[in-house]
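Participant: Encoded as structure tokens, here's the structure I'll be asking about.
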Amino acid sequence: MYELLFKNNGQINRIAIGSSYDELFQKLKDDLHKKGTKPAYFRMMDKNDKRIIDYGSHKNKYIIRKVID
């Protein structure tokens, strides 16, 4: 299992839980669409057990991390 987190000004909120990275990346795109945000790009960085996704915001990031094998 994986979880999708949204980091906003230091606060972290869980957006979704899913069974695959691809499923959660789609939920990330759906969340951006729901907020009316059109990402300039997606830049992904792996750090420890997390994948950090930058989409062009200076303050906000998404994080996908594995929580259960």
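Participant: Sort His58, His33 by accessible area with a 1.4 Å probe, largest first. List each step's numbers first, then the result.
Facilitator: Working: His58 180, His33 150 Å².
In descending accessible area the options line up as His58, His33.
Participant: Turning to a different aspect of this structure: Roughly how tilted is helix 21-34, in degrees to the nearest 10 and between 0 and 90, from the longest Cα axis of the chain?
Facilitator: Its long axis makes an angle of about 30 degrees.
Participant: Also: Where does the longest stretch of the chain lie that holds no trypsin sites (Lys or Arg not before Pro) found in a DSSP loop with 11 or fewer other Cβ atoms within 10 Å?
Facilitator: After excluding every exposed loop site, the longest remaining stretch is 1-34.
Participant: May I ask you to give the percent of accessible area on the chain that is carbon plus sulfur, with a probe radius of 1.4 Å?
Facilitator: Looking at the chain in its full context, I get 47 percent from C and S.
Participant: Cβ under 15 Å from Lys50's Cβ, Lys50 left aside: what net charge do those residues give with Lys, Arg +1 and Asp, Glu -1? Display every interim value, and only then the final one.
Facilitator: Numbers: positive: Lys7, Arg14, Arg43, Lys47, Arg51, Lys61, Arg65, Lys66; negative: Glu3, Asp46, Asp49, Asp54.
Result for the neighbourhood of Lys50: +4.
Participant: Let me ask you something else. Is the range 17-69 rounded, prolate or oblate when judged by the Cα gyration tensor, a ≥ b ≥ c being the square roots of its eigenvalues, rounded requiring a/c under 1.5 and prolate requiring a/b larger than b/c?
Facilitator: On the way: a/c = 2.51, a/b = 1.38, b/c = 1.82.
The shape class here is oblate.
The values are calculated or read from the model by the stated rules, or taken from the named source; none is laboratory data. As the structure is a computational prediction, the values presented were derived from the model and not from experiment. Every residue, glycine among them, receives a Cβ derived from its backbone with ideal geometry; neighbour counts consider all protein chains shown. Each accessible area value is taken on the protein alone, full model and side chains, heavy atoms only, with ligands, DNA and RNA left out. Shrake-Rupley method; radii C 1.70, N 1.55, O 1.52, S 1.80 Å.
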